[in-house]
Structure formats: C-alpha cells, structure tokens
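J.: Sharing a structure below in structure tokens format, with a few things to ask.
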Amino acid sequence: MADEQDPVEPTEDDSRLRRFARRILDRKELAEDTKDLLSGMLATSDKAKSDFIRMMGREVGHWLDGLNLKNDLLDVATNYKLEVHATFHLSPIAKAMAEAEGEEGVEEEEPG
C-alpha cells in the first residue's frame, strides 16, 4: 500500500502522451498538424501512383516484347498482299435529300 501513495515519476512515454494530448486540445496546432499530415499523405500517394504507372509501363513493354509482334507483322507484310476495294462519293446533302424524296414520291405513284 505504501507503493500506491508514493508519487510515481513520469516516464518519457507519459510525457510524450501528455504533450500529444495538449497538442490535440490546442486547435491551432491541431490544424497545422492535420495540414502537415495531409500534405505528407498526398505527396506519398502521388509518388506511389507515379511508381505504379512506371512499373506497369515497364511490365506491359516486356509483355509486348515477349509476344514477338514484330516477327508476325513482318511475316504478314512479306507473305501476304492486301487488296482494298473502296468507293467514295461526295455529294451535297440537300441534293441527296431532294433525290431521296423524289424517289419516294415516284415509288408511291407506281403501284396505283
């Protein structure tokens, strides 16, 4: 029982805890600490994002190299020929609309 009444000397952990509690209770320091904490988190997350993108780019590059697309494209280009048949017509929209309406009118008159 004598031990319970003797004042216990504060340890270093107790003084840290008390300083932390005082800082939490002081609103101005809390706002500054919060700002510092958020700034640190944002900087860390930005660096992590950049590192992640760099790592993914490197991995995708290695994967594409492993596919040997160059050899496949070279084979296609040297052993096959590509034929394209295309037709392009350029006409004014108003003229095309008038012709379409005229054709519809002719089609309606023919059956009767």
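The values are calculated or read from the model by the stated rules, or taken from the named source; none is laboratory data. Note that this is a predicted model, so its numbers are computed, not measured. All Cβ positions, glycine included, derive from the backbone under ideal geometry; neighbour counts span all protein chains shown.
J.: Checking the structure you have, find out if any residue of the stretch 40-51 is surrounded by fewer than 10 Cβ atoms within 10 Å (Cβ to Cβ) and either modelled with pLDDT under 85 or touching a strand residue (DSSP E or B) at 6+ places or on another chain (Cβ under 7 Å) (or both).
T.: First pass over the stretch 40-51, keeping only residues surrounded by fewer than 10 Cβ atoms within 10 Å (Cβ to Cβ): none.
The answer is no; no qualifying residue exists.
J.: Name every residue in the stretch 52-88 that is surrounded by 10 or more Cβ atoms within 10 Å (Cβ to Cβ) and not in a helix (DSSP H, G or I), in order of residue number.
T.: N68 - this is the single residue of the stretch 52-88 that is surrounded by 10 or more Cβ atoms within 10 Å (Cβ to Cβ) and not in a helix (DSSP H, G or I).
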